[in-house]
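All remarks here apply to the structure that follows.
None of the figures in this text is laboratory data; all of them are computed from the coordinates on show. Treat the numbers as computed from the prediction; the structure is a model and nothing was measured. No Cβ is skipped: glycine too gets one built from the backbone with ideal geometry, and neighbour counts run over all protein chains shown.
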Amino acid sequence: MGRSIVVTSGKGGVGKTTITANLGASLARLKKRVVVVDMDIGLRNLDVVMGLENKIVYNIMDVAEGRCKIGQALIKDRYLTNSLFLLPASQMHTKEDIDIKKITEIIRTIKESFDYVLIDSPAGIEHGFNSAVASADEALVVVTPDVSSVRDADRVIGLLENRDIEATSLIVNRYNSELIRKKKMLDVKSILDVLGIDLIGIIPDDNEVIDFSNRGEILALHRNSLTAKAFKNTAKRIEGDDVPFLDFERRGFFGLFGKR
Amino acid sequence: MIRDKIMQLFRRKSSRTIARERLKFIIIQDRTLLSPPLLTAMKEEMLDVINRYLNINRKHIKLSVERRNKKTVLEIVIPVEGIKKKNV
């Protein structure tokens, strides 16, 4: 039986979809069989980030409403054709159309033949969020280092407390080492002090992420950069490995004095 | 440069510090689900009760709402300066 993990945040635009795609790919690279599920019904985007938008025939609502089988709706990744699959959202429905029971059933069925199901949750804390969370064993909460994002994450963590979620861990996205060194950005420690959950990943602020999403390519599959490494390390931590975090505060021996 | 670092010590708060302070304040309100006047009222009422038995330092009270072991916990730190004579 695989693990289902919801990627959520409360606030929109913090990078849930990009993180879902890159972690899915990184886990697949670790020889795991992975399905990434787009639960942003009506506003689907995971297909675009993965460059699979032209291959969609059926979607999760087609499965839920009995128009096709799960296997028919799964789309192979272009590179990891044996290990990474996308279950797309429907663009024609709204979140109110979701039958939570049916979705939970679908996810449970997928878990029987895959190691991981990563569920990309929509922004917000309404029905869409509830449907994404309902079938999850664990949760990854994504924040960017700013007051509004951390505040919304705190709300979400509060909501997750009251559910059957085994573990909730934090991913800090768009961490800008230059701003951190200049003390112009919230550091990981401050965020963790407030939120009180375990850290599982720090993803650097990297312009290349946009460049790759423009092309519909997953950065973690094509780069060996610090960012790609951060995704890989996060995937390993999800797997249970004890991987040390990259140090963003200092740079080399003279890092102590900062750079200018 | 080291001189910049020294200068920095005398300059105003970093925006990180400001963000941290704002965040802590906002989170307290969000978690307690009380408006600031109600929060203050609750604090004052509690202190009045405690003050009947103990001498406390009202200026150095710390109120926080933290998450521990998946539970939200309200914590109030009240410096005690002694007990009320009449209660001994």
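Averaged over peptide A:137-148, the number of partner chain Cβ atoms lying within 10 Å of each residue's Cβ comes to 1.
Approximating the spin labels as points 7 Å out from Cα along Cα→Cβ, the B:SER64-to-B:VAL77 distance works out to 0.6 nm. Taking the alpha carbon gyration tensor of the range B:2-87, multiplying each eigenvalue by 5 and rooting it gives semi-axes of 33, 20, 12 Å, largest first.
Once you keep just the Cα pairs under 8 angstrom separated by 6 or more residues, what percentage relative contact order results for the range B:2-87? Could you put the intermediate results ahead of the total?
Working: 59 pairs, mean separation 20.2, N = 86.
23 percent.
Peptide A:190-197 is shielded by partner chain Cβ atoms: per residue, an average of 4 of them sit within 10 Å of its Cβ. Round to the nearest 0.05 the FRET efficiency obtained for A:GLU105 and B:THR32 when R0 = 35 Å and r is the Cβ-Cβ distance. According to the calculation, E is roughly 0.35.
Compared with the dominant Cα axis of chain A, that is its longest principal axis, helix A:147-161 is turned about 50°.
Just rank A:THR109, A:THR227, fewest to most, by other beta-carbon atoms within 10 angstrom.
Numbers: A:THR109 14, A:THR227 20.
Exposure proxy ranking, most exposed first: A:THR109, A:THR227.
Can you pull the Rg over Rh of the range A:14-97, Cα-only, Kirkwood? Here Rg/Rh amounts to 0.96.
Looking only at A:SER121, A:SER83, A:SER148, which one moves most when chain A is put into a Gaussian network model with springs between Cα atoms under 10 Å? Looking only at A:SER121, A:SER83, A:SER148, the biggest GNM fluctuation is shown by A:SER148. Result for chain A in a Gaussian network model with C-alpha springs under 10 Å: among A:LYS31, A:LYS183, A:LYS16, the largest mean-square fluctuation is at A:LYS183. When only the Cβ of Lys, Arg, Asp and Glu is charged (+1, +1, -1, -1), the dipole of the range B:2-87 relative to its Cα centre reaches about 420 debye. Determine which residues of the range A:125-151 fall in the zone a paramagnetic label at A:ASP198 would reach in this model, i.e. backbone nitrogen under 19 Å from the point 7 Å along Cα→Cβ. A:136-143, by backbone N distance to the label point. Structure remark: mean-square fluctuation, Gaussian network model of chain A, C-alpha springs under 10 Å; the largest value among A:GLY66, A:GLY15, A:GLY201 belongs to A:GLY66.
Find, to one decimal place in angstroms, the Kirkwood hydrodynamic radius of chain A, where the mean of 1/r is taken over every pair of different Cα atoms and then inverted. Display every interim value, and only then the final one.
Working: mean 1/r = 0.0541 Å⁻¹.
For chain A, the Kirkwood estimate is 18.5 Å.
Take every Cα pair under 8 Å whose residues are at least 6 apart in sequence, average their separation, divide by the length of the range A:3-239, and the relative contact order is 27 percent.
When the C-alpha to C-alpha distance is required to be over 25 Å, the pairs from A:LYS189/B:LYS13; B:LYS59/B:LYS84; A:LYS16/B:LYS62; A:LYS189/B:LYS43 that qualify are A:LYS16/B:LYS62; A:LYS189/B:LYS43.
Listed peptides B:42-55, A:93-106 appear in the order A:93-106, B:42-55 once ranked by packing, highest mean of other Cβ atoms within 10 Å at the front.
Can you work out the FRET efficiency for the pair A:ARG155 and B:ARG52, with r the C-beta to C-beta distance and R0 = 35 Å, to the nearest 0.05? Once rounded, the FRET efficiency stands at 0.40.
Each 10 Å bin from 0 upward holds the following percent of the Cα-Cα pairs of the range A:1-151: 12, 47, 35, 6, 0. Applying 1/(1 + (r/R0)^6) with R0 = 45 Å to the Cβ-Cβ distance of B:LYS84 and A:ASP146 gives a FRET efficiency near 0.45.
When Cβ neighbours within 10 Å are restricted to other protein chains, what is their mean count per residue of peptide A:149-161? Please list the in-between numbers first.
Details: counts 0, 5, 6, 1, 0, 8, 3, 0, 3, 4, 0, 1, 4.
Counting other chains' Cβ atoms within 10 Å and averaging over A:149-161 gives 3.
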